[in-house]
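Trainee: Here it is: the structure, laid out below.
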Amino acid sequence: MIEERFIEIDGARTRVRSAGPQGAPVLVFLHGFPEWSGAFDALMTALPSYRGVAFDQRGFGISRNPAPDLTGFAMKHLLSDLATVISEEGGGPVVLVGHDWGAAVAYAAAFAMPDLVSHLVIFNGVHPTCFQRALSAGGAQSQASRYIDWLRAEGVEDTLRADDFAKLTGLFSAHMDMSWMTPELRAEYVREWSRPNAVEGMVSWYRVSPVEVAPPGQPRPLPDWAKVEMPVSMPHLLIWGTGDTALLPEATEGLDALCDDLERVDLDGCDHWLHHQRPEAVAQAIDGWLRRKS
């Protein structure tokens with residue numbers, strides 16, 4: 001059963017959803033764009049031996065939303081929000097699970113506060129160095145990521161909200177299987193997207209990010225920040241939906257060289273939204289790996 005409660009994070013009322021017994025190993029789930037904590041309900045339910053916890057990251061759902069002030073979305077604030085949730089769940093260390101933009105925060109936590117992260121699980125998310133290398137190459141990933149600069153453009157919020165979020169829904173589903181998105185579930189997403197300043201908060205993540213997208217066919221040098229070693233010291237599981245058209249396999253190249261202990265599981269028959277399409281398979285991969293690594 002999914003339980004919902006609210007806690008204070010940085011002075012803001014923040015929604016937290018959880019499942020599983022108190023005292024069980026804690027898995028903290030970090031969602032991405034354009035989702036909210038409810039995105040992990042099926043996955044947490046499929047992991048009954050664990051204490052699953054998901055919260056609305058700032059700018060999404062019910063949380064602090066500093067938009068249009070991008071300084072409020074700096075990674076140090078996102079990590080502080082995460083640390084507060086971990087503290088609420090006993091102080092850690094926890095198994096940290098990230099998807100999409102949630103993966104960016106999960107990797108940053110692995111780099112900056114490894115004492116709070118016992119194991120790192122990423123599904124269809126990318127290590128920042130590997131991603132920037134692919135974006136700088138000006139190849140297929142650059143082509144697939146052209147939407148990033150579009151989402152950074154002034155006034156895009158009105159475009160995304162128009163016609164009952166038609167453009168946002170289209171961007172969400174572009175070239176991917178959305179059969180999991182029932183009318184009832186879409187109504188829930190529209191409810192979240194309709195909150196005051198919600199779209200501004202979501203696109204702020206793209207605007208504050210340092211990633212640079214090279215034009216297709218026009219490689220660029222790596223930015224200085226991407227030249228810094230960013231190793232992952234704890235056991236790391238990467239689960240990949242092989243049909244992803246937003247994040248391509250080249251965006252994970254070189255990851256093994258940055259990790260002390262990496263295991264990869266490829267899941268066919270799903271794409272970027274694998275936690276919605278195949279939650280039982282994702283849960284089985286996580287559970288089996290944790291049993292081997294614990």
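Trainee: Can Ile239 be described as in contact with a Leu (Cβ under 9 Å, 6 or more places away or on another chain), buried (at least 21 other Cβ atoms within 10 Å of the Cβ), of a type outside the set (Phe, Trp, Tyr) and under 25 Å from Ile148 (Cα atoms)?
Mentor: Yes; evaluated as a whole, the condition is true for this residue.
Trainee: In addition: For the range 256-294, which residues satisfy the criterion of being part of a helix (DSSP H, G or I), open to solvent by less than 10 Å² (accessible area, probe 1.4 Å) and either touching a His at 6+ places or on another chain (Cβ under 7 Å) or closer than 28 Å to Thr129 by Cβ (or both)?
Mentor: Leu274, His275, Val282, Ile286, Trp289, Leu290
Trainee: Suppose we keep only residues that are open to solvent by 40 Å² or more (accessible area, probe 1.4 Å) and assigned to a loop (DSSP other than H, G, I, E, B) within the range 193-214. Which one would you say is nearest to Leu96 (Cα to Cα)?
Mentor: Pro210
Trainee: Scan the range 246-255 for residues that are among the aliphatic types (A, V, I, L, M), within 29 Å of Met181 (Cβ to Cβ) and open to solvent by less than 20 Å² (accessible area, probe 1.4 Å) and report the count. Talk me through it step by step, then tell me what you get.
Mentor: Quick first cut of the range 246-255, residues among the aliphatic types (A, V, I, L, M) only: 246-248, 251, 255.
From what's left, within 29 Å of Met181 (Cβ to Cβ): 246-248, 251.
If we keep only those that are open to solvent by less than 20 Å² (accessible area, probe 1.4 Å) as well, we get 246-247, 251.
Result for the range 246-255: 3.
Trainee: Tell me, yes or no, whether the range 135-147 has at least one residue that is outside any loop (DSSP other than H, G, I, E, B), free of Cβ contacts under 8 Å to residues at least 60 places away in the same chain and more than 19 Å from the chain's Cα centre (by Cα).
Mentor: Checked the range 135-147: no residue is outside any loop (DSSP other than H, G, I, E, B), free of Cβ contacts under 8 Å to residues at least 60 places away in the same chain and more than 19 Å from the chain's Cα centre (by Cα).
Trainee: Considering the range 148-174 alone, what residues qualify as being closer than 11 Å to Val203 by Cβ and part of a loop (DSSP other than H, G, I, E, B)?
Mentor: Ala153, Glu154, Gly155 - these are the residues of the range 148-174 that are closer than 11 Å to Val203 by Cβ and part of a loop (DSSP other than H, G, I, E, B).
Trainee: Those residues that are among the small types (Gly, Ala, Ser) and over 23 Å from Gly155 (Cα atoms), I need them from the range 55-80; list them, please.
Mentor: Residues of the range 55-80 that are among the small types (Gly, Ala, Ser), as a first pass: 59, 61, 63, 67, 72, 74, 80.
Across the range 55-80, the qualifying residue is only Ser80.
Trainee: Can you pull out the residues in the range 104-134 that are in contact (Cβ under 8 Å) with a residue 24 or more places away in the chain, part of a helix (DSSP H, G or I) and more than 20 Å from Pro210 (Cβ to Cβ)?
Mentor: If the condition is that a residue be in contact (Cβ under 8 Å) with a residue 24 or more places away in the chain, part of a helix (DSSP H, G or I) and more than 20 Å from Pro210 (Cβ to Cβ), then Pro114, Leu116 are the ones that fit.
Trainee: Go through (1) more than 12 Å from the chain's Cα centre (by Cα); (2) in contact (Cβ under 8 Å) with a residue 12 or more places away in the chain and name the single condition Asp158 misses.
Mentor: Result: Asp158 passes all but (2).
Trainee: Would you pick out the residues in the range 1-10 that are in a loop (DSSP other than H, G, I, E, B) and surrounded by 14 or more Cβ atoms within 10 Å (Cβ to Cβ)?
Mentor: Correct list: Ile2, Asp10.
Trainee: Being in contact (Cβ under 8 Å) with a residue 60 or more places away in the chain and either open to solvent by 30 Å² or more (accessible area, probe 1.4 Å) or touching a helix residue (DSSP H, G or I) at 6+ places or on another chain (Cβ under 8 Å) (or both) is the filter here; which residues of the range 73-85 pass it?
Mentor: Phe73, Ala74, His77, Ser80, Thr84
Trainee: Return yes or no: is Val228 of a type in the set (A, V, I, L, M) and either open to solvent by less than 40 Å² (accessible area, probe 1.4 Å) or in contact with a helix residue (DSSP H, G or I) (Cβ under 6 Å, 6 or more places away or on another chain) (or both)?
Mentor: Values: of a type in the set (A, V, I, L, M): yes; either open to solvent by less than 40 Å² (accessible area, probe 1.4 Å) or in contact with a helix residue (DSSP H, G or I) (Cβ under 6 Å, 6 or more places away or on another chain) (or both): no.
No.
Trainee: Ok, one more. Condition first: among the acidic types (Asp, Glu) and either farther than 25 Å from His77 by Cβ or out of contact with any Phe, Trp or Tyr (no Cβ under 9 Å at 6 or more places or on another chain) (or both). Can you find one or more residues in the range 173-182 that meet it?
Mentor: yes
Trainee: Right, something else. Could you grab me the full set of residues in the range 20-46 that are within 16 Å of Trp289 (Cβ to Cβ) and either among the polar types (S, T, N, Q) or open to solvent by less than 10 Å² (accessible area, probe 1.4 Å) (or both)?
Mentor: Passing the criteria: Leu27, Phe29, Leu43.
Trainee: How about the range 138-162: which of its residues are of a type in the set (A, V, I, L, M) and buried (at least 18 other Cβ atoms within 10 Å of the Cβ)?
Mentor: If the condition is that a residue be of a type in the set (A, V, I, L, M) and buried (at least 18 other Cβ atoms within 10 Å of the Cβ), then Ala144, Leu151, Val156, Leu160 are the ones that fit.
The values are calculated or read from the model by the stated rules, or taken from the named source; none is laboratory data. From a predicted model like this one, the values you see are computed outputs, not experimental measurements. All Cβ positions, even for glycine, are placed from backbone atoms using ideal geometry, and neighbour counts span all protein chains on display. These accessible areas exclude ligands, DNA and RNA; they are computed on the full protein's heavy atoms, side chains included. Shrake-Rupley method; radii C 1.70, N 1.55, O 1.52, S 1.80 Å.
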